[in-house]
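Novice: Quick one: structure below, then a few questions.
The values are calculated or read from the model by the stated rules, or taken from the named source; none is laboratory data. Computed from a prediction, not measured in an experiment: that's the story for all the values here. In this analysis, Cβ positions are derived from the backbone assuming ideal geometry, glycine residues included, and neighbour counts consider all displayed protein chains.
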Amino acid sequence: MITEERYFQMLLEEVEIQLGCKITSATECEKLSQELATNFSIQLTSQSIRRMYKLIKYDGGFNKHSLNCLSQYCYYQDYEDFKNKKSLNDLDRYFQFQHKDEFQNNFFQISEELCHQLIDSPQLLMNSLHQLLENPMARKYFMEHHPMRDLLCTPYILYFQEYLKHNNSHEAKLFAYGFLFHAAFLSSNDELMQLYYQKIVETPIGKDVFVIPAGRKYGIMLLYADKIGDENLFKNYFEEMKKARTFYLSQSESSVCSFEYMVLEELIYTQRKAEIQYLLENQTTQKYPDQSFVPEKRKISHQQVWLILSARAYQILGNHELSQSILSEINLEFLTIGWQKYYSIIYYYTLFPYSKQQRKISKKLSTLIVETKISYWQTKMEELANPKKIQASNISTPVLY
């Protein structure tokens with residue numbers, strides 16, 4: 001990631017290019033100050049410019065006005081706009097090596113760093129959409145390996161729609177439609193939910209589809225059948241899922257995310273105890289390493305997610321002792337960028353009935369729900385606040401404060 005110091009130096013260099021000379025004395029500083037005032041109606045003293053170029057000894061920071069002035073001189077809206085555009089240019093320099101496998105570790109890390117930038121800047125999130133998704137390596141490493149669940153109920157969802165313009169394989173469709181469905185589900189948008197569910201049903205699995213999107217396909221079909229209350233459809237999908245599971249056993253053994261993991265991720269939004277029990281009892285243990293470019297910290301993050309899913313699953317089953325035991329093993333700090341808020345909500349919601357600090361947890365949940373804009377969890381919070389409205393739960397849930 002570009003540091004603040006590097007951004008500042010890049011801005012000073014671009015100012016010199018715009019001015020047409022190096023700034024090494026008070027003369028150039030005065031020239032720049034006059035040009036700013038005359039041609040740009042920007043007031044910035046030569047003394048301030050001398051400080052920025054270290055022609056006057058100065059150890060303090062520079063205020064936003066000074067940084068914005070120099071950025072506008074270089075035809076950016078402000079300093080934030082300058083940094084946003086430079087961050088993309090920096091990414092492009094890495095992506096020039098589009099077809100060299102030895103750079104895959106760089107791509108994975110760069111994509112993770114970009115996630116940080118996009119989360120911090122809604123403007124960059126939208127400005128980078130088309131440029132990023134036109135790049136094959138960005139589609140692979142930024143989208144497929146770094147889908148940001150925290151932003152599913154924000155304009156970020158447009159990234160999955162743009163992704164589909166460039167990728168039309170069965171695996172790509174299940175990847176994108178899976179997240180589009182989940183965004184609709186979390187936003188309580190029944191019309192879009194039905195649309196994306198149908199797209200997922202129509203997309204077949206096979207040797208060209210990896211275990212993760214395949215598991216998500218069956219998880220979503222089961223979740224949708226449960227939501228509309230179609231028992232026969234649910235039973236049929238579950239039998240299909242069990243057959244597909246055997247096909248993906250070997251892939252599950254080579255992935256930190258098993259087939260059962262992906263199905264369970266959807267079923268924790270239901271009260272399907274028998275099916276949840278089946279997934280827990282038949283979870284495939286990883287025996288072989290993941291793809292080499294996946295860093296160890298990502299694997300640890302996936303393991304934390306499995307613990308969160310398992311804790312919620314055992315809570316649904318009524319095994320509160322085991323649920324609490326699993327919760328005690330979880331460290332939310334290990335969750336990767338773009339996943340932290342999404343899975344923290346599930347964690348705190350599961351923890352709430354067992355905690356003596358319910359007021360504190362309810363505040364954390366409220367903050368996370370506002371930040372993620374997930375209406376599904378807002379509804380669940382209202383149910384917690386009004387226990388009589390809870391339709392099917394074995395948990396004696398204390399009232400929220």
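Novice: Inspect segment 379-394 for any residue being surrounded by fewer than 16 Cβ atoms within 10 Å (Cβ to Cβ) and at pLDDT 90 or above and give the result as yes or no.
Specialist: Yes: segment 379-394 contains one or more residues that are surrounded by fewer than 16 Cβ atoms within 10 Å (Cβ to Cβ) and at pLDDT 90 or above.
Novice: Under the condition of being closer than 22 Å to Thr336 by Cβ and among the hydroxyl-bearing types (Ser, Thr, Tyr), which residue from segment 256-283 is surrounded by the fewest Cβ atoms within 10 Å (Cβ to Cβ)? Walk me through how you get there before you give the answer.
Specialist: To start, the set of residues in segment 256-283 that are closer than 22 Å to Thr336 by Cβ comprises 256-266, 268-269, 283.
Subsequent filtering for residues that are among the hydroxyl-bearing types (Ser, Thr, Tyr) retains 258, 261, 269.
Numbers: Ser258: 27, Tyr261: 25, Tyr269: 20.
Only one residue fits best here, namely Tyr269.
Novice: Among Ala183, Ala214, Ala225, which is the only one that is assigned to a helix (DSSP H, G or I), over 30 Å from Met381 (Cα atoms) and either touching an Asp or Glu at 6+ places or on another chain (Cβ under 7 Å) or at pLDDT 95 or above (or both)? Working first, answer last.
Specialist: Values: Ala183 fails: over 30 Å from Met381 (Cα atoms); Ala225 fails: over 30 Å from Met381 (Cα atoms).
One residue alone meets the criteria, Ala214.
Novice: Would you point out which residue out of Glu253, Glu260, Glu281 is out of contact with any strand residue (DSSP E or B) (no Cβ under 6 Å at 6 or more places or on another chain), more than 30 Å from Asn106 (Cβ to Cβ) and free of Cβ contacts under 8 Å to residues at least 40 places away in the same chain?
Specialist: Values: Glu253 fails: more than 30 Å from Asn106 (Cβ to Cβ); Glu260 fails: free of Cβ contacts under 8 Å to residues at least 40 places away in the same chain.
Within the list Glu253, Glu260, Glu281, the selection yields Glu281.
Per-residue answers, yes or no, for (1) outside any helix (DSSP H, G or I); (2) among the aromatic types (Phe, Trp, Tyr):
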| site | (1), (2) |
| --- | --- |
| Gln131 | no, no |
| Phe142 | no, yes |
| His146 | yes, no |
| Glu162 | no, no |
| Ala172 | no, no |
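Novice: Consider Tyr197 carefully, then state whether it is surrounded by fewer than 23 Cβ atoms within 10 Å (Cβ to Cβ), of a type in the set (Ser, Thr, Tyr) and either over 29 Å from Leu322 (Cα atoms) or modelled with pLDDT under 95 (or both).
Specialist: On the way: surrounded by fewer than 23 Cβ atoms within 10 Å (Cβ to Cβ): yes; of a type in the set (Ser, Thr, Tyr): yes; either over 29 Å from Leu322 (Cα atoms) or modelled with pLDDT under 95 (or both): yes.
It is true that Tyr197 is surrounded by fewer than 23 Cβ atoms within 10 Å (Cβ to Cβ), of a type in the set (Ser, Thr, Tyr) and either over 29 Å from Leu322 (Cα atoms) or modelled with pLDDT under 95 (or both).
Novice: Is it true that Leu151 is outside the structural domain of Glu80 (by TED's automatic domain parsing) and buried (at least 19 other Cβ atoms within 10 Å of the Cβ)?
Specialist: Criteria met by Leu151.
Novice: Sort through Glu240, Glu191, Glu253, Glu231 and tell me the only one that's surrounded by fewer than 21 Cβ atoms within 10 Å (Cβ to Cβ), among the acidic types (Asp, Glu), touching a helix residue (DSSP H, G or I) at 6+ places or on another chain (Cβ under 9 Å) and over 18 Å from Ala274 (Cα atoms). Reasoning before the result, please.
Specialist: On the way: Glu240 fails: over 18 Å from Ala274 (Cα atoms); Glu253 fails: touching a helix residue (DSSP H, G or I) at 6+ places or on another chain (Cβ under 9 Å); Glu231 fails: over 18 Å from Ala274 (Cα atoms).
Glu191 is the lone residue from the list that is surrounded by fewer than 21 Cβ atoms within 10 Å (Cβ to Cβ), among the acidic types (Asp, Glu), touching a helix residue (DSSP H, G or I) at 6+ places or on another chain (Cβ under 9 Å) and over 18 Å from Ala274 (Cα atoms).
Novice: In addition: Among the residues of segment 167-174, is any closer than 30 Å to Lys86 by Cα and at pLDDT below 95? Please lay out each step first, then the result.
Specialist: Within segment 167-174, the subset closer than 30 Å to Lys86 by Cα is 167, 172.
Imposing the further condition that a residue be at pLDDT below 95 reduces the set to 167.
Looking for residues that are closer than 30 Å to Lys86 by Cα and at pLDDT below 95, one finds at least one in segment 167-174, hence yes.
Novice: Also, I was wondering about something else. Within segment 256-270, track down each residue that is under 16 Å from Val209 (Cα atoms) and not in a loop (DSSP other than H, G, I, E, B). Give the derivation first.
Specialist: We begin by selecting, within segment 256-270, every residue under 16 Å from Val209 (Cα atoms); these are 257-260, 262-263.
Listed by number, the residues that qualify are Phe259, Glu260, Met262, Val263.
Novice: Can you tell me which residues in segment 11-48 are among the polar types (S, T, N, Q) and farther than 19 Å from His65 by Cβ?
Specialist: Residues of segment 11-48 among the polar types (S, T, N, Q): 18, 24-25, 27, 33-34, 38-39, 41, 43, 45-48.
Scanning segment 11-48 gives Thr24, Ser25, Thr27.
Novice: May I ask you to verify whether Leu192 is within 30 Å of Asp120 (Cβ to Cβ) and touching a His at 6+ places or on another chain (Cβ under 7 Å)? Steps first, please.
Specialist: On the way: within 30 Å of Asp120 (Cβ to Cβ): yes; touching a His at 6+ places or on another chain (Cβ under 7 Å): no.
No, not satisfied.
Novice: Restricting to segment 228-255, and then to whatever is among the small types (Gly, Ala, Ser) and part of a helix (DSSP H, G or I), can you tell me which residue is farthest from Phe185 (Cα to Cα)? Don't jump to the end; show me each part of the working.
Specialist: Here is the first cut: in segment 228-255, the residues among the small types (Gly, Ala, Ser) are 229, 244, 250, 252, 254-255.
Filter once more, keeping what is part of a helix (DSSP H, G or I): 244, 250, 252.
Details: Ala244: 24, Ser250: 31, Ser252: 26 Å.
Top of the filtered list is Ser250.
Novice: If Phe352 passes every condition in (1) closer than 24 Å to Ser252 by Cβ; (2) surrounded by 17 or more Cβ atoms within 10 Å (Cβ to Cβ) but one, which one does it miss?
Specialist: Of the numbered conditions (1) closer than 24 Å to Ser252 by Cβ; (2) surrounded by 17 or more Cβ atoms within 10 Å (Cβ to Cβ), the odd one out for Phe352 is (1).
Novice: Same structure again: Please specify each residue of segment 121-148 satisfying the condition of being closer than 18 Å to Tyr343 by Cα and either modelled with pLDDT under 85 or crowded, with 19+ Cβ neighbours inside 10 Å (or both). Outline the logic, then answer.
Specialist: First, pick out the residues of segment 121-148 that are closer than 18 Å to Tyr343 by Cα: 145-148.
If the condition is that a residue be closer than 18 Å to Tyr343 by Cα and either modelled with pLDDT under 85 or crowded, with 19+ Cβ neighbours inside 10 Å (or both), then His146, Pro147, Met148 are the ones that fit.
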